[in-house]
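Peer 1: After the structure tokens below, expect a handful of questions from me.
The values are calculated or read from the model by the stated rules, or taken from the named source; none is laboratory data. Just so we're clear, the structure is a prediction, and the values are computed from it rather than from any experiment. In this analysis, Cβ positions are derived from the backbone assuming ideal geometry, glycine residues included, and neighbour counts consider all displayed protein chains.
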């Protein structure tokens with residue numbers, strides 16, 4: 001099954017995926033800063049604002065999709081000093097790009 005048809009199939013269950021923008025022209029990956037259970041974390045730059053961000057790239061798996069999207073909704077709604085700030089969400093093929101600040105003094109990011 002092609003990537004486009006998988007995204008379309010997932011989009012029927014989770015319409016938010018069909019509204020999630022592509023990172024093309026919006027986010028530039030600079031370097032790899034970590035690897036976790038769900039994928040890789042990169043240091044990236046938001047092209048419009050020049051802001052540096054941690055970009056967690058997660059390969060979408062159908063059985064984890066609901067949980068992953070719920071996590072994004074919770075992060076978007078949170079505003080607390082002990083919770084990593086949500087900076088954006090992008091979709092490239094079946095890779096979900098989750099942006100948050102790069103944590104000072106570490107090469108790590110939330111997992």
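Peer 1: Limited to region 19-74, what total is found for residues that are free of Cβ contacts under 8 Å to residues at least 60 places away in the same chain and in contact with a strand residue (DSSP E or B) (Cβ under 8 Å, 6 or more places away or on another chain)?
Peer 2: Going through region 19-74 one residue at a time, the tally reaches 26.
Peer 1: Return yes or no: is residue 89 touching a helix residue (DSSP H, G or I) at 6+ places or on another chain (Cβ under 8 Å) and under 20 Å from residue 36 (Cα atoms)?
Peer 2: When the stated conditions are applied, residue 89 passes them.
Peer 1: Next up: On the basis of being in a helix (DSSP H, G or I), loosely packed, with under 14 Cβ neighbours inside 10 Å and out of contact with any helix residue (DSSP H, G or I) (no Cβ under 9 Å at 6 or more places or on another chain), does residue 71 make the cut?
Peer 2: Judged against the criteria, residue 71 is not a match.
Peer 1: Does residue 79 meet the test of being at pLDDT 95 or above and in a loop (DSSP other than H, G, I, E, B)?
Peer 2: Criteria not met by residue 79.
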